[in-house]
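Colleague: One structure follows; several queries about it will come next.
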Amino acid sequence: RLHTYTTRRGKSQKPLPPPPLSPAMIVPKKNRIAIYNQLFKDGVIVAAKDHFGVTSLGDPKDETREKVPTLHIIKLCQSLDSRGLVRTTFSWQHYYYFLEDAGVAYLQSYLGIPSEVIPTTHQKPPRTAGRLPGGPGGPGGPRG
């Protein structure tokens, strides 16, 4: 649609600049901290593509899990994704946000977490001492 304005000589058909875009979404600090803590703890966060839904954060066994709007999770993680701090995958109407190495450093500084603490998905599993299974002395005994 063409916006017009009137001059002294008559009507002009020059277009006016478009109206300003809506402001960025404001996420309460309590929700931002809860989402960032969950993302840092697990290294991944999942959000259903339900912009009006609510997601419970925390341990599923915990009765007092914090509930945050799914839209807050999606918008915060979109912001992190645009800065290259998380990697986004979309499958079966769910967004999966995986924390990158740069994102770990950012969240450590934002949340005030020491650099020795890292997300669960970034930890290397402990190696077990001993032989590989199936070899001599492994489960099933010696072959032969």
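Colleague: For a quick check: with amide H placed at 1.01 Å from N, whose amide H comes under 5 Å from Glu66's, ignoring anything fewer than 5 positions away on the same chain?
Modeller: Placed amide hydrogens put Leu57 under 5 Å from Glu66.
Colleague: Okay, next question. Return the long-range amide H neighbours of Val86 (sequence gap of 5 or more, or a different chain), with a cut-off of under 5 Å between placed amide H atoms.
Modeller: Excluding prolines and chain starts, which carry no amide H, the hits are Asp81, Glu100.
Colleague: Which of the aspartates and glutamates could a cross-linker bridge to Lys61, judged by Cα under 17 Å and excluding same-chain residues fewer than eight apart?
Modeller: In chain and number order, the partners are Asp42.
Readers should treat all values here as calculations from the given coordinates under stated rules, not as data from a laboratory. Remember, it's a predicted structure, so these values are computed and weren't measured experimentally.
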